[in-house]
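Below is one structure, written out as structure tokens, with a few remarks after it.
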Amino acid sequence: MAVLKVTFTKTNRDKLAQVLWVLNWVSVVTGVTLFSLGLFLKVEIVKRRELMSKEIVSVPNMLICVGLTACAINFLGGKICYDCVDTTKFLRWKLLMLPYIICTFFFTFCILVGALMCYSMRNDLEESLFLGLRDAMRYYKDTDMPGRCYIKRTMDMLQMQFQCCGNGGYRDWFHIQWISNRYLDMTDSEVVERLRSNVEGKYLIDGVPFSCCGLHSLRPCIQHQITNNSAHYNYDYRKEELNLNRRGCRQALLEHYTQIMQSIGLIVLIIWLFEVSVLTGVRYLQTAMENVLRLGDPDSESDGWLLENSIADTARYNFNIIKNLGKCYQVDDDPNIDVPSSSLQAQENVPVKQIPVAR
Amino acid sequence: MAVLPIKFTKTKRDKLAQVLWVLNWISVVTGIILFSLGIFLKVEINKRQDLMAESQLQSVPNMLIAVGLIACVINFLGGKICYDCVDTNKFLRWKLVMLPYIICTFFFTLSVLVGALMCYSMHGQLEEALTLGLRDAMRYYKDTDTPGRCFLKRTVDQLQIQFQCCGNEGYRDWFQIQWVSNRYLDMSQREVVDRLRSNVEGKYLMDGVPFSCCNVNSPRPCIQYQITNNSAHFNYDFHTEELNLWMKGCRQALRDYYTNIMHSVGLTVLIIWLFELSVLTGVRYLQTSLENVLRQGDPECESDGWLLENSFVETARSNFNIIKHLGKFNQINISSNGDPNIDKPPTAHYGPDNVPPKPLPMAS
């Protein structure tokens, strides 16, 4: 009761081997594609490392490893399929093919896991961005501290490039002191008052950095005294929508990365389907070639299948193998204990007369 | 006295034909490259059309596009011809076409060279177009309510952010332009009215720049208003402050950008021109050697190939005479009344000893 049996003539087998050889080489190319997708993702994440609290390394590293492994596995597969046209050359690979197929089967699982990871990265990313952006905004003013002196530039370029402002919106800047004390005139009474009125002694204003200015605004940018309508002519901050960027940078970055990862995930899924089909072909080729060898005549027809018995039987059989492998390592102190006696007297079932003891 | 003659055996001719076939196909690819370079240049110029005044700049990409398409066609035909040249019978088909083909290709390579040189000579036009274009764009920066000019503010802001530049030649250009629209000026304020009155043309000028001039590398929050007034800001000296605003002018920034693109494109076109020239030379040698084979009659023998049959001077003279006679063909000789036999020396043949007969005595 083989699973999905297909009968192969000699020409069918040869054609299958040739097609699989070409497909394996195409798979090497897809492996290179996977590798470069992983590299691209890694570069994108490293570019904005400063804005993330925890760098997400698992997904790109997974893709890179899977890509390299795909290249190696499919290169070997190509060689095997190339040799399968000739029955004598197949004998070289006979013992290797089943382990190869099992390895490739687990490997395709890894590809699927990689694809699913791409779709599930979102939550981790959101949290990482939230914390990272919050810290970046906090250290915006610290351009004189080593290690933080480029955060201002990174933040400004981010806000201009993605047309966003702040973490969730522009109001986040109202709760942060983004002007360094170096540039505050402490002799000015206004400044001193503002500092005193804040519990933590921070200089907070209803203003935002210049990078929050919206490009589509019809009027010159209003970045200070945003909530004070009387400070500007013909201005109502509740109605003004184009003056500053409305979107929060966390949202903007999340969308950016989600788009990248969804595209990558889709491509990896397609590659996974392709690898599964190549694997199926190789399995059919292997079983067909083995049956040919069993029949003895290299030109005869042979059957190819996915599994020799039904899935339940194969599962039970493999489970028994694993169980016995386990039993192999158990140590019984006396190998002869509980072994029923196998001497001839036992067969006759006559007890031995006791030898009299000397008094 | 042929120019650069080379002897070709049969195998050499065949190999030359095959090599030229491959090279012609590569030339088709280079033709596509030329075409796409032209398209790329056209797109880049169109992207910033708002910032450039009317000029002849579009001629360069158009030239490259046309040349690229013609290169594809010419080299496709050349590939077919060279493929057939291996067989002497098939060559007879192309025999009459080959010389016109070679002459056309020669003039075509000249236009490729002209295209390359145009890339390098666009400087002057570019500079002028940018100066005028940027000046007008800055003037209309505030006119976001005028149809046709409403996107100039956004274009200029994007330009200054992307190219990290400010103004035409520097940030001071903004001091001479009113870039804040009257719609946003409070005419009831004394300050505003004073400033407007103090200017001859009634423009509201100030020592401030738009936000897009702000330098991201500055360690302090951007100072975009009252730039020249040191006392308006704490710990600020505008003479020594270099990181506050972008120092470069946008005209220079754009000019450098386009000059880089043009030089790269020009270099690529020059390399393609050299390649086309070498392919043309090979085709010329192939043509002359095959014609000589036909002249000698034996398809397997050696033959000479050359660039020109006689020296340059003689070839030039003979071509010039041909062109002169082509011209004369249409002239009508009026003085002789259209009589074709006038002024022609007698050509009668008077027998083996060529003695003119004695004139017959006239009856008196």
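The values are calculated or read from the model by the stated rules, or taken from the named source; none is laboratory data. Quick caveat: nothing in here was measured; it's all calculated off a predicted structure. A quick note on method: Cβ atoms are made from the backbone with ideal geometry, for glycine too, and the neighbour counts reach across all protein chains shown. Surface accessibility is based on the protein's heavy atoms, side chains included, excluding ligands, DNA and RNA. Shrake-Rupley method; radii C 1.70, N 1.55, O 1.52, S 1.80 Å.
Could you tell me whether A:LEU76 is within 26 Å of A:LEU266 (Cβ to Cβ), away from chain B (no Cβ under 14 Å), part of a helix (DSSP H, G or I) and in contact with a Phe, Trp or Tyr (Cβ under 8 Å, 6 or more places away or on another chain)? Explain how you work it out, then say what you get.
Values: within 26 Å of A:LEU266 (Cβ to Cβ): no; away from chain B (no Cβ under 14 Å): yes; part of a helix (DSSP H, G or I): yes; in contact with a Phe, Trp or Tyr (Cβ under 8 Å, 6 or more places away or on another chain): yes.
Considered against the rule, which asks whether it is within 26 Å of A:LEU266 (Cβ to Cβ), away from chain B (no Cβ under 14 Å), part of a helix (DSSP H, G or I) and in contact with a Phe, Trp or Tyr (Cβ under 8 Å, 6 or more places away or on another chain), A:LEU76 comes out as no.
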_If B:THR288 satisfies all but one of (1) without any contact (Cβ under 8 Å) to a residue 24 or more places away in the chain; (2) part of a helix (DSSP H, G or I); (3) more than 15 Å from B:ALA17 (Cα to Cα), what's the number of the condition it fails?_
(3)
*Taking into account only those residues within the stretch A:204-216 that are part of a loop (DSSP other than H, G, I, E, B) and open to solvent by less than 50 Å² (accessible area, probe 1.4 Å), which is farthest from B:PHE234 (Cα to Cα)?*
A:LEU215
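Considering A:ARG171, A:ARG219, which residue is among the charged types (D, E, K, R), surrounded by 15 or more Cβ atoms within 10 Å (Cβ to Cβ) and under 36 Å from the mean Cα position of the chain (by Cα)? Walk me through it before giving the result.
Working: A:ARG219 fails: under 36 Å from the mean Cα position of the chain (by Cα).
Exactly one of A:ARG171, A:ARG219 is among the charged types (D, E, K, R), surrounded by 15 or more Cβ atoms within 10 Å (Cβ to Cβ) and under 36 Å from the mean Cα position of the chain (by Cα), namely A:ARG171.
Among the residues of the stretch A:174-187, what is the count of those that are open to solvent by 20 Å² or more (accessible area, probe 1.4 Å), over 17 Å from A:ASN245 (Cβ atoms), within 13 Å of chain B (Cβ to nearest Cβ) and not polar (S, T, N, Q)? Step through it out loud before you land on a result.
We begin by selecting, within the stretch A:174-187, every residue open to solvent by 20 Å² or more (accessible area, probe 1.4 Å); these are A:174-176, A:179, A:181-183, A:185-187.
Of the ones still in play, those that are also over 17 Å from A:ASN245 (Cβ atoms) are A:175, A:179, A:181-183, A:185-187.
Narrowing further to those that are within 13 Å of chain B (Cβ to nearest Cβ): A:179, A:181-183, A:185-187.
Pick out the ones that are also not polar (S, T, N, Q) and you get A:179, A:182-183, A:185-186.
So the count comes out to 5.
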*Quickly run through the stretch A:224-237 and pick out the residues that are of a type in the set (S, T, N, Q) and facing chain B (nearest Cβ under 7 Å).*
A:ASN234
*Could you list, in sequence order, the residues of the stretch A:268-302 that are open to solvent by 50 Å² or more (accessible area, probe 1.4 Å) and either acidic (Asp, Glu) or touching a His at 6+ places or on another chain (Cβ under 6 Å) (or both)?*
A:ASP297, A:ASP299, A:GLU301
*Quickly run through the stretch B:204-224 and pick out the residues that are at the interface with another protein chain (Cβ under 9 Å from one of its Cβ atoms) and part of a loop (DSSP other than H, G, I, E, B).*
B:GLY208, B:PRO210, B:VAL216, B:ASN217, B:SER218, B:PRO219, B:ARG220, B:PRO221, B:CYS222, B:GLN224
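Of a type in the set (Gly, Ala, Ser), modelled with pLDDT under 90 and in contact with a helix residue (DSSP H, G or I) (Cβ under 8 Å, 6 or more places away or on another chain), is that true of B:GLY115?
Details: of a type in the set (Gly, Ala, Ser): yes; modelled with pLDDT under 90: yes; in contact with a helix residue (DSSP H, G or I) (Cβ under 8 Å, 6 or more places away or on another chain): yes.
So B:GLY115 passes the test.
Working carefully through the options B:ASN182, B:ASN199, B:ASN230, find the one that is in contact (Cβ under 8 Å) with a residue 12 or more places away in the chain and not acidic (Asp, Glu).
Numbers: B:ASN199 fails: in contact (Cβ under 8 Å) with a residue 12 or more places away in the chain; B:ASN230 fails: in contact (Cβ under 8 Å) with a residue 12 or more places away in the chain.
Sole residue among the options that is in contact (Cβ under 8 Å) with a residue 12 or more places away in the chain and not acidic (Asp, Glu): B:ASN182.
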*asked:* Tally up the residues in the stretch A:40-63 that are touching a Lys or Arg at 6+ places or on another chain (Cβ under 7 Å) and farther than 16 Å from A:GLN262 by Cα, please.
replied: 1
*Report those helices (runs of 4 or more DSSP H) wholly inside the stretch B:112-198 carrying at least 1 residues which are within 14 Å of chain A (Cβ to nearest Cβ) and buried (at least 19 other Cβ atoms within 10 Å of the Cβ).*
B:123-139, B:152-163
*Does any residue of the stretch A:3-12 turn out to be on the phi > 0 side of the Ramachandran plot and not in a helix (DSSP H, G or I)?*
yes
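Looking at A:ARG182, A:ARG148 in this structure, which one is modelled with pLDDT under 95, under 30 Å from A:SER197 (Cβ atoms) and part of a loop (DSSP other than H, G, I, E, B)? Steps first, answer last, please.
Values: A:ARG182 fails: part of a loop (DSSP other than H, G, I, E, B).
Just one listed residue meets the conditions, A:ARG148.
Inside the stretch A:213-223, can you point out the residues that are within 9 Å of another protein chain (Cβ to nearest Cβ) and of a type outside the set (A, V, I, L, M)?
Looking only at the stretch A:213-223, we keep the residues that are within 9 Å of another protein chain (Cβ to nearest Cβ), and these are A:213, A:215-221, A:223.
Matches in the stretch A:213-223: A:CYS213, A:HIS216, A:SER217, A:ARG219, A:PRO220, A:CYS221, A:GLN223.
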*Filter the stretch B:235-249 for residues that are open to solvent by 60 Å² or more (accessible area, probe 1.4 Å) and away from chain A (no Cβ under 14 Å); which is nearest to B:PRO219 (Cα to Cα)?*
B:GLU242
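Hey, among the residues in the stretch A:188-203 that are in a loop (DSSP other than H, G, I, E, B) and within 14 Å of chain B (Cβ to nearest Cβ), which one's least open to solvent (accessible area, probe 1.4 Å)? Outline the logic, then answer.
First, the residues of the stretch A:188-203 that are in a loop (DSSP other than H, G, I, E, B): A:188, A:198-203.
Then drop every residue that is not within 14 Å of chain B (Cβ to nearest Cβ), which leaves A:188, A:203.
Details: A:ASP188: 64, A:TYR203: 34 Å².
Selected residue: A:TYR203.
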_Selection count where residues are touching a helix residue (DSSP H, G or I) at 6+ places or on another chain (Cβ under 7 Å), open to solvent by less than 10 Å² (accessible area, probe 1.4 Å) and within 14 Å of chain B (Cβ to nearest Cβ), scope the stretch A:137-168_ = 7
_So, A:LYS47, is that one in contact with a Ser or Thr (Cβ under 6 Å, 6 or more places away or on another chain) and open to solvent by 60 Å² or more (accessible area, probe 1.4 Å) or not?_
no
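Can you say whether B:ASN215 is touching a Phe, Trp or Tyr at 6+ places or on another chain (Cβ under 8 Å), surrounded by fewer than 20 Cβ atoms within 10 Å (Cβ to Cβ) and within 17 Å of A:VAL208 (Cα to Cα), as far as the supplied structure shows? Steps first, please.
Working: touching a Phe, Trp or Tyr at 6+ places or on another chain (Cβ under 8 Å): yes; surrounded by fewer than 20 Cβ atoms within 10 Å (Cβ to Cβ): yes; within 17 Å of A:VAL208 (Cα to Cα): yes.
Yes; evaluated as a whole, the condition is true for this residue.
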